[in-house]
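What follows is a short report on a single structure.
The values are calculated or read from the model by the stated rules, or taken from the named source; none is laboratory data. Because the structure is a prediction, the values reported are computed rather than measured. In this analysis, Cβ positions are derived from the backbone assuming ideal geometry, glycine residues included, and neighbour counts consider all displayed protein chains. Surface accessibility is based on the protein's heavy atoms, side chains included, excluding ligands, DNA and RNA. Shrake-Rupley method; radii C 1.70, N 1.55, O 1.52, S 1.80 Å.
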Amino acid sequence: MSEIAEMTRALAGAVTGHDVADVMTAHMAALFDAKGVGVWAHEDGRALLMGSAGYSKESLRRFEGVRITELPSSAQSFIEGTLAFVSSAEEFIARYPAIADLPAATGIQAWAILPLVASGRTVGGACVGYGLPHSFDSEERTLLTAMSGMVAQALERARLYDAEHRRAQELQRGLLPRHLPTLPAVTTAARYQPARDGTDAGGDWYDVIPLSAEQVALVVGDVMGHGVSEAVAMGRLRTAGRTLADLEQPLDELFFHLNEVVSGLGDGFYATCLCIVYDPVSRMCQAITAGHPPPVILRPDGTSYFPDLPVNPPLGAATPPFDTAEFSLPDGTTIALYTDGLVESGGLDIDEGMGRLAHCLRPARSGSSSDPDPGSGSGSGSGSTESATETPTPCATA
């Protein structure tokens with residue numbers, strides 16, 4: 001019974017559909033002394049292989065993405081998980097003639113075919129296979145059926161999580177730039193790495209805004225918190241920032257208005273923001289930050305530094321005016337803006353993370369195309385981190 005309790009605890013902690021399948025494949029084989037376990041989910045009438053163990057991947061992947069109703073009836077009953085206990089390969093071949101090669105292909109001689117039913121609806125199917133002929137007694141059949149019910153409930157919960165997570169990420173990406181502009185004097189690139197856990201959208205954003213006289217504004221910001229409200233606030237801020245930048249207001253005035261936008265959202269909203277306006281003629285940058293970490297600047301000789309910018313409170317908590325800074329960029333300089341999720345996590349101090357980010361930028365000068373990872377010390381100027389925070393990172397080379 002301890003094995004059942006352990007599997008129950010593992011299912012309770014499973015978040016995604018693949019997590020549930022991993023729990024089932026890891027525990028069911030040991031619990032029932034079986035050779036292999038396979039788990040399918042049903043999505044829009046198609047079979048999706050969520051996980052397997054003890055089978056050759058090729059033998060089960062034949063069903064991946066197949067529309068179930070287009071399969072022969074005996075194969076349908078197998079994939080749908082119509083309850084059956086098959087004691088031998090001969091019995092399997094007689095029951096499922098359309099997939100009669102499966103026992104030889106998998107080395108499985110006995111099968112428990114289990115429907116995954118939650119709230120009266122079949123959400124998937126599973127098979128537990130044995131390497132030798134196996135007679136299923138009534139107690140084993142009852143336990144297998146009960147365990148499949150637990151898996152089904154966990155899978156249904158995970159499917160709802162997966163759907164919510166997809167919707168959150170679609171919302172997040174829909175509020176970010178689909179394409180960066182092509183600029184005559186600056187080469188830009190950006191990457192958004194979503195959170196690794198949690199279903200909520202976040203408030204991180206970035207933008208690259210062309211201005212007159214070949215100037216360009218680089219913007220990155222973070223509405224504090226996670227959820228649809230924060231994502232919507234981020235969209236409003238990005239739109240307001242782009243509109244004000246198009247009017248080419250001075251940076252301090254732009255931040256004055258952005259501060260008003262955030263203050264108008266209510267007491268629970270705050271946002272950090274960093275904006276840099278680069279002039280390719282003078283090679284001067286004007287920068288302003290509201291509670292946001294500074295950019296990392298990579299010089300042409302490969303050395304890097306973080307400019308010392310005046311400290312202003314986050315938007316929504318600031319009292320204008322905002323202090324600005326100016327600095328020059330030599331030809332061939334790379335400047336990277338990022339959010340704190342890239343450089344700070346539960347196990348990573350922000351100063352250490354910023355140092356790792358600066359180190360990760362250096363291979364980009366020699367043509368490396370790998371993604372950056374401050375935890376690994378390799379990659380280019382924009383990318384992901386082990387933190388569960390969204391991390392948009394625009395990078396520009398002047």
(message) Condition (residue is surrounded by 17 or more Cβ atoms within 10 Å (Cβ to Cβ) and at pLDDT below 90) applied to the stretch 81-89: is it met by at least one residue?
(response) yes
Residues that are at pLDDT 60 or above, open to solvent by less than 10 Å² (accessible area, probe 1.4 Å) and not small (G, A, S): does the stretch 373-389 have at least one? no
Here the residues within the stretch 283-308 that are more than 15 Å from V220 (Cα to Cα), open to solvent by less than 30 Å² (accessible area, probe 1.4 Å) and free of Cβ contacts under 8 Å to residues at least 24 places away in the same chain are P307
Going through the stretch 237-261 in order, the residues found to be more than 18 Å from F322 (Cα to Cα) and surrounded by fewer than 18 Cβ atoms within 10 Å (Cβ to Cβ) are T239, R242, T243, D246, L247
Residue count, the stretch 108-151, condition open to solvent by 40 Å² or more (accessible area, probe 1.4 Å) and either of a type in the set (A, V, I, L, M) or closer than 11 Å to E80 by Cα (or both), comes to 6
The residue that is farthest from D33 (Cα to Cα), considering only those in the stretch 90-105 that are under 38 Å from the mean Cα position of the chain (by Cα) and open to solvent by less than 10 Å² (accessible area, probe 1.4 Å), is I99
Flagged in the stretch 1-35 as outside any helix (DSSP H, G or I) and within 27 Å of the chain's Cα centre (by Cα), in numbering order, are A14, V15, T16
Of the listed residues (F85, F63, F92), the one being of a type in the set (F, W, Y) and either assigned to a strand (DSSP E or B) or closer than 22 Å to R157 by Cα (or both) is F85
Condition set modelled with pLDDT of 85 or more and of a type in the set (A, V, I, L, M), scope the stretch 351-361, selection most open to solvent (accessible area, probe 1.4 Å): answer is M354
Being at pLDDT 85 or above, within 23 Å of Y338 (Cα to Cα) and either of a type in the set (V, I, T) or open to solvent by 30 Å² or more (accessible area, probe 1.4 Å) (or both) is the requirement here; does A213 meet it? no
field: Flag for T122 being within 15 Å of L48 (Cα to Cα), hydroxyl-bearing (S, T, Y) and outside any helix (DSSP H, G or I)
entry: yes
Per the filter on the stretch 152-166, residues among the charged types (D, E, K, R) and either open to solvent by less than 40 Å² (accessible area, probe 1.4 Å) or within 17 Å of T122 (Cα to Cα) (or both) are E156, R157, R159, D162
If we keep only residues of the stretch 318-327 that are of a type outside the set (D, E, K, R) and in contact with a strand residue (DSSP E or B) (Cβ under 9 Å, 6 or more places away or on another chain), then the residue surrounded by the most Cβ atoms within 10 Å (Cβ to Cβ) is F322
Notebook entry, point to check: Just to be sure, is A146 farther than 22 Å from A41 by Cβ, small (G, A, S) and either touching a Phe, Trp or Tyr at 6+ places or on another chain (Cβ under 8 Å) or assigned to a helix (DSSP H, G or I) (or both)?
Noted result: no
**OP:** Determine whether G38 is of a type in the set (G, A, S), without any contact (Cβ under 8 Å) to a residue 40 or more places away in the chain and not in a helix (DSSP H, G or I).
**Re:** no
All conditions in (1) at pLDDT 85 or above; (2) within 24 Å of the chain's Cα centre (by Cα); (3) assigned to a strand (DSSP E or B) are true of L114 except (2)
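One line per residue, one yes/no per condition, for (1) at pLDDT below 85; (2) at negative phi; (3) not in a helix (DSSP H, G or I):
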site: E140; (1), (2), (3): no, yes, no
site: Y161; (1), (2), (3): yes, yes, no
site: Q169; (1), (2), (3): yes, yes, no
site: T199; (1), (2), (3): yes, yes, yes
site: D204; (1), (2), (3): no, yes, yes
site: I209; (1), (2), (3): no, yes, yes
